[in-house]
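Colleague: Please read through the structure below; I'll follow up with questions.
The values are calculated or read from the model by the stated rules, or taken from the named source; none is laboratory data. Everything numeric here is computed off the predicted structure, so don't read it as measured data. Ideal geometry is used to build each Cβ from the backbone, glycine not excepted, and the neighbour counts take in all protein chains shown.
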Amino acid sequence: MVGDRALGAGVRVDARCVLSPNALLPGTRILRNVLELRRFLRHFRPQVVHAHYINEYGWLGALSGFHPFVLTAWGSDVYIAPQRSRLARVMSPWAVRRADYVTADSQDQIEQLCRMGASQRSTAVVGWGVDFRQFADGSGKGWRMANGIREDQPVILSPRRWVENSNISVILDAFATVWRRRSDAVLVLRDLPDSSAELARRIRSKIETLGMWAATRIVGELPETDLPAMYSAADITVSICSSDGTPASLLEAMAGRSAVIGGDLPSLREWITEGRTGVLVPVGNDRALADRLLRLIEDETWRRGLADAAYQMVKTRADRQKILEGMEGIYRRLTASEDPRVGLSSW
């Protein structure tokens, strides 16, 4: 618990496990964090340790020596970090090999993890899923009205946070082309708390230079209960990151019956079938993006067909309740193991 705040049925957070952000001696923080984690685990005595994101969190989980140990990749920890960091190149495969079970939100990531040393028998695609109870209304009219957008205006949503990987500048260039043809179009951007401050400055400056403030809406962090209305208000949702797993925003857009345009990446191809459940464009190509945006705006029948097909797909494949039940089954199998490493015995 943090105070008395419950996060959900059977879920609690213990504020005593707060890892230090630094150490007295340079280069020793991770060691300090491992010792802190081990002390906490001796006290808390969990049945499973599950680390989300391989970099550091996964390393710490592996270094703790606790079993069963589950490791979940998030995307850039598989695709980018091992290429850019010597430490990640060594530690991440080691942590993957130490894990009793490894999950990721796309099959492409699972294949990458197996190349890093994960056992095929102890891996699974486990996504974030969508809570379809929240998408039951399916109306974005109120959200449009609250943000000064008419019902007949085409709305393009970019839900990704402002980091270099998200290619927001490419989206702005593409929208500028669209806006010259469709002056009634509106672009919605999300300036989230963990966005890059320097990039935020450049994005706002570019909007100013392009003269698009009147056609742009910038929204910040929203309660999860408000997200369905935002996605339902968007005719088109764009996600064209340079590298990606299966972003929750993509599935939520599909659940909100917004037609999706994604970057042509392996993980996104697992969800977007070109011309059937969405549209794929070459990453970084603003002209191709602008062309597809204009076509989707002009061809309402095609746009709605894509959105309806995507909705049916995620309803079948991405129901959060079913996904959580599957993950619980993995936990139960691991905790029923007779492996002598289980618990604290390896310490």
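Colleague: Please go through the stretch 21-58 and give me each residue that is part of a helix (DSSP H, G or I), surrounded by fewer than 19 Cβ atoms within 10 Å (Cβ to Cβ) and touching an Asp or Glu at 6+ places or on another chain (Cβ under 8 Å), ordered by number.
Modeller: Correct list: Ile30, Phe40, Phe44.
Colleague: Specify the residue that is nearest to Asp244 (Cα to Cα); the eligible residues are those in the stretch 79-98 that are assigned to a helix (DSSP H, G or I) and of a type in the set (Val, Ile, Thr).
Modeller: Going through the qualifying residues, I end up with Val96.
Colleague: Mind listing just one residue for me: the one in the stretch 273-326 that is among the hydroxyl-bearing types (Ser, Thr, Tyr) and within 21 Å of Ala104 (Cα to Cα) and, of those, surrounded by the fewest Cβ atoms within 10 Å (Cβ to Cβ)?
Modeller: Thr316
Colleague: Taking Gln134 as the residue in question, decide whether it is assigned by TED's automatic domain parsing to the domain that holds Arg97 and either surrounded by fewer than 21 Cβ atoms within 10 Å (Cβ to Cβ) or touching a strand residue (DSSP E or B) at 6+ places or on another chain (Cβ under 9 Å) (or both).
Modeller: no
Colleague: Something else: Give the stretch 263-291 a look and list any residue that's over 17 Å from Val125 (Cβ atoms), touching a residue at least 24 places away in the same chain (Cβ under 8 Å) and either within 15 Å of the chain's Cα centre (by Cα) or outside any loop (DSSP other than H, G, I, E, B) (or both), or say none.
Modeller: Those that are over 17 Å from Val125 (Cβ atoms), touching a residue at least 24 places away in the same chain (Cβ under 8 Å) and either within 15 Å of the chain's Cα centre (by Cα) or outside any loop (DSSP other than H, G, I, E, B) (or both): Gly263, Gly278, Val279, Val281, Asp286, Arg287, Leu289, Ala290.
Colleague: Considering the stretch 133-146 alone, what residues qualify as being assigned to a loop (DSSP other than H, G, I, E, B), in contact with a helix residue (DSSP H, G or I) (Cβ under 8 Å, 6 or more places away or on another chain) and over 13 Å from Arg257 (Cβ atoms)?
Modeller: Residue satisfying the conditions is Gln134 alone.
Colleague: Do we find that Ile207 is over 25 Å from the mean Cα position of the chain (by Cα), under 17 Å from Leu227 (Cβ atoms) and of a type in the set (Val, Ile, Thr) in this structure?
Modeller: No; evaluated as a whole, the condition is false for this residue.
Colleague: For the structure I just gave you, tell me whether Gly142 is small (Gly, Ala, Ser), more than 16 Å from the chain's Cα centre (by Cα) and either surrounded by 15 or more Cβ atoms within 10 Å (Cβ to Cβ) or farther than 24 Å from Tyr311 by Cβ (or both).
Modeller: no
Colleague: Something else about it: Report whether or not Val155 is over 30 Å from Arg332 (Cβ atoms) and either touching a strand residue (DSSP E or B) at 6+ places or on another chain (Cβ under 6 Å) or crowded, with 20+ Cβ neighbours inside 10 Å (or both).
Modeller: The answer is yes for Val155.
Colleague: Let me ask another. Among the residues of the stretch 97-128, write down those that are touching a residue at least 24 places away in the same chain (Cβ under 8 Å), touching a strand residue (DSSP E or B) at 6+ places or on another chain (Cβ under 6 Å) and surrounded by 22 or more Cβ atoms within 10 Å (Cβ to Cβ).
Modeller: Correct list: Ala99, Tyr101, Val102, Thr103, Leu113.
Colleague: Being modelled with pLDDT of 80 or more and charged (D, E, K, R) is the filter here; which residues of the stretch 8-52 pass it?
Modeller: Selection gives Arg29, Arg32, Glu36, Arg38, Arg39, Arg42, Arg45.
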